[in-house]
Protein chains: 2
Amino acid sequence: MQLEFLGTGAGQPAKSRNVTAIALRLLDERNAVWLFDVGEGTQHQILRSNIRPRKVEKIFITHLHGDHIFGLPGFLSSRSFQGSDEHEPITIYGPKGIKRFIETSLSVSESHLTYPIEYVELTNEGTVFEDKTFAVEAMKLDHGITSYGYRIVEKDHAGELQVDKLKTMQIPSGPVYGKLKRGETVTLPDGRVVNGADFIGQPQKGRIVTILGDTRKTQNSVILGKNADVLVHESTYGKGEGKLARSHHHSTNLQAVEVAKQAGAKKLLLTHISARYVGKLAMELEKQAREEFENVHVVHDFEVIEIPFE
Amino acid sequence: MQLEFLGTGAGQPAKSRNVTAIALRLLDERNAVWLFDVGEGTQHQILRSNIRPRKVEKIFITHLHGDHIFGLPGFLSSRSFQGSDEHEPITIYGPKGIKRFIETSLSVSESHLTYPIEYVELTNEGTVFEDKTFAVEAMKLDHGITSYGYRIVEKDHAGELQVDKLKTMQIPSGPVYGKLKRGETVTLPDGRVVNGADFIGQPQKGRIVTILGDTRKTQNSVILGKNADVLVHESTYGKGEGKLARSHHHSTNLQAVEVAKQAGAKKLLLTHISARYVGKLAMELEKQAREEFENVHVVHDFEVIEIPFE
Ligand SMILES: [Zn+2]
Ligand SMILES: [Zn+2]
């Protein structure tokens, strides 16, 4: 599981940062990639990454500002022409209006996709997706326009059957392994009685990734980020710019740190960086934040962050 | 007057060519830039050029395929934040539907522009714009979807008053120069009678630039390109791919050459190059065309072509 930041800028593209798009790479976990926001030029960034568009299974939109959605029509159209498995469906989650934007764009341009789109327009807060391996919760933030934060919770992995240990005890593989894996007690042909529970490793706790849309500092960010392995938070402004941040419905780096600390998040990634902060100034944003919170980093375009198990 | 090619690719962005956008730079002529098509990422390309968004006075859209329009919402939104003279209006010409696409995009994203947009949705062929310095004619091409070609005709420049010649004859500057410039005959204080017509240089013939949307070979391309100084024609396919071009409603390089020859165009620029033609293969497209027409060139992204007077 990795986060790949395809666009880390705020508002408009800059030479060094494209507008927002974040890929959550779940290739090992479900052979899929999830996108969070698709600013203009996201398909161009993907062309320079090793993400394959047909692997994109779900798109979560935080809010409908142009710098977070104007890349959708192009990405969706181009996805029709890429990869062999052209009919792979895609599900798009986002605030009401996302369907109208996409459908109008595709209809006016007479784009006929080779795959179906399912829309999930969010109205209530809560679980927006859940299956055997992941659950995603959404809550509203504070950005003037409706803006959601997403908490992606990986289900715990059951302990693995310790095959090496079984082999050492000369228990031959076969249907018996399945029974042991399910924790059953089995009598072997040679009379030995073995308990599956003795051959199953520790369960692995699932990881939690929280990706917030643009927002002022708000309590829901803390709830969504509770004990997260990684919290991705905007940082449009820097230390001492709290008033400016508030009036533009954005956050400072230090407000993001407060959220991370209150939530008990393990790692804080700052993105949505204003073009005013280039080069050394972006480093300064990180440095200011690190004085208050050790595990913080200002991400840059194309950066890949591994999310390890505990 | 220059053409600057901001995107010269076909269908989807490629590493070496962005999707279509062409700037007609009229800085000397009217302190303005006109855009022809605005594919996704055009604002990113403009960021890497020396075009200032607020100088963009008019946008002409050839057709509504995504690779020609998906950059519009982003370009128009960002233009609000650039330059000091924020209220400079913009006029957008294009097929019916262009207004719905833009208005939906701006409304869903709650983008509030600092300047007005005037829409001219084309229904009939003919003159779509005319003032003292330029006229623009549009005609329909053959591309499945409604696709227009534009013929931009610069008005002839009146001859300049030959000030040096007047000075040599010791005719002092003053209101008399205005009269002479208008071709009047004037009696000077010293009694000499001078005829303005003797002091006015040759009129300069205006230039003609023809920019066609995607199309099969069609007679209207020849009409629009008649005696053009520069004809910009798509070349999605190469020699020997006529059938493929026809079935996809596109042209080959050699079909573009036929149009240029029949129209008597002075120079042919080939664009909308498929990603299949990279590097040497794009050179080959040009070479094949040059065997039939001397003054032909396959353009690349960011190339600037000067359009001289005759
Ligand atoms: Zn926003
Ligand atoms: Zn087209």
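Taken together, the values in this text are just the output of simple stated rules run on the coordinates, not laboratory data. It should be emphasised that the depicted structure is a prediction, and the values quoted were computed from it without experimental measurement. Here the Cβ positions follow ideal geometry from the backbone for every residue, glycine too, while neighbour counts run over all protein chains shown.
So here's what we get for this one:
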read-out: Cross-link reach list, aspartates and glutamates versus A:LYS140, counting only Cα pairs under 17 Å and skipping chain neighbours closer than eight places; value: A:ASP37, A:GLU121, A:GLU125, A:ASP214, A:GLU234
read-out: Span from the the range B:280-296 Cα centroid across to the the range A:150-180 one, whole angstrom; value: 64
read-out: Listed residue pairs exceeding 29 Å between alpha carbons, taken from B:LYS132/B:LYS266; A:LYS55/A:LYS261; B:LYS132/B:LYS181; A:LYS96/B:LYS96; A:LYS55/A:LYS205; value: A:LYS55/A:LYS261
read-out: B:PHE60 long-range amide H proximity, modeled H, under 5 Å; value: B:LEU35, B:PHE36, B:ASP37, B:TYR93
read-out: Label 7 Å beyond Cα on the Cβ vector: B:LYS165 copy-to-copy distances, nm; value: 10.6
read-out: Percent RCO, i.e. relative contact order, over the range A:151-268, from Cα pairs under 8 Å lying at least 6 residues apart; value: 24
read-out: For the range A:160-310, diffusion coefficient by Stokes-Einstein and Kirkwood Rh (Cα), 25 °C, 0.890 mPa s, µm²/s; value: 133
read-out: Set of lysines near B:LYS179 by C-alpha distance (under 19 Å), chain-local residues within fewer than 8 positions excluded; value: B:LYS165, B:LYS167
read-out: Label geometry 7 Å along the beta-carbon vector: B:GLU303 inter-copy distances in nm; value: 3.9
read-out: Sparsely packed GluC sites (Glu not before Pro) within the range A:13-90, loop by DSSP, other Cβ within 10 Å at most 14; value: A:GLU86
read-out: Label spacing, shortest first and in nm, from A:THR133 to its equivalents in the remaining copies (7 angstrom along Cα→Cβ); value: 6.0
read-out: Coil-residue trypsin sites (Lys or Arg not before Pro) of the range A:1-45, DSSP, other Cβ within 10 Å capped at 13; value: A:LYS15
read-out: Within straight-line cross-link reach of A:LYS239, lysines at Cα separation under 16 Å, skipping those fewer than 8 residues along the same chain; value: A:LYS217, A:LYS280, A:LYS287
read-out: Residues whose placed amide H lies under 5 Å from that of A:ARG207, excluding near-sequence neighbours; value: A:GLU154
read-out: Area projected by the alpha carbon convex hull of the protein assembly as shown, averaged over all directions, nm²; value: 38.0
read-out: Relative contact order (%) - criterion: Cα under 8 Å, at least six apart; region: chain A; value: 17
read-out: C-alpha long axis of helix A:280-290 to longest principal axis of chain A, angle in °; value: 50
read-out: Kirkwood Rh in Å, taken over the range B:100-219 so that all alpha-carbon pairs contribute; value: 19.2
read-out: Using θ = phi - 60° and Karplus 6.51 cos²θ - 1.76 cosθ + 1.60, couplings along the range A:141-155 (whole Hz; Gly, Pro as x); value: 10, 10, 9, x, 6, 4, 9, 9, x, 10, 10, 9, 10, 7, 5
read-out: Cβ-placed point charges (K, R +1; D, E -1), dipole of the protein assembly as shown about Cα centre in debye, nearest 20; value: 280
read-out: Dipole magnitude (debye, nearest 20) for the range B:133-229, charges at Cβ of Lys, Arg, Asp, Glu; value: 120
read-out: Distance from the range A:249-266 to the range A:214-241 (C-alpha centre basis), Å; value: 4
read-out: Hydrodynamic radius (Kirkwood) for the range A:219-285, which is based on Cα pairs only, to one decimal in Å; value: 12.0
read-out: Selection from B:HIS233, B:GLN204, B:VAL186, by position along the positive dipole direction of the range B:181-243 (Cβ); value: B:HIS233
read-out: Karplus 3J(HN,Hα) series, Hz, for the range A:212-226 with 6.51 cos²θ - 1.76 cosθ + 1.60 (x for Gly, Pro); value: 9, x, 4, 5, 6, 5, 8, 4, 4, 5, 5, 5, 5, x, 3
read-out: Under DSSP loop assignment and at most 14 Cβ neighbours within 10 Å, longest chymotrypsin sites (Phe, Trp or Tyr not before Pro)-free interval of chain A; value: A:82-301
read-out: Note, ³J(HN,Hα) from phi for the range A:93-102, Karplus 6.51, -1.76, 1.60, rounded to Hz, x at Gly and Pro; value: 9, x, x, 4, x, 5, 5, 4, 4, 5
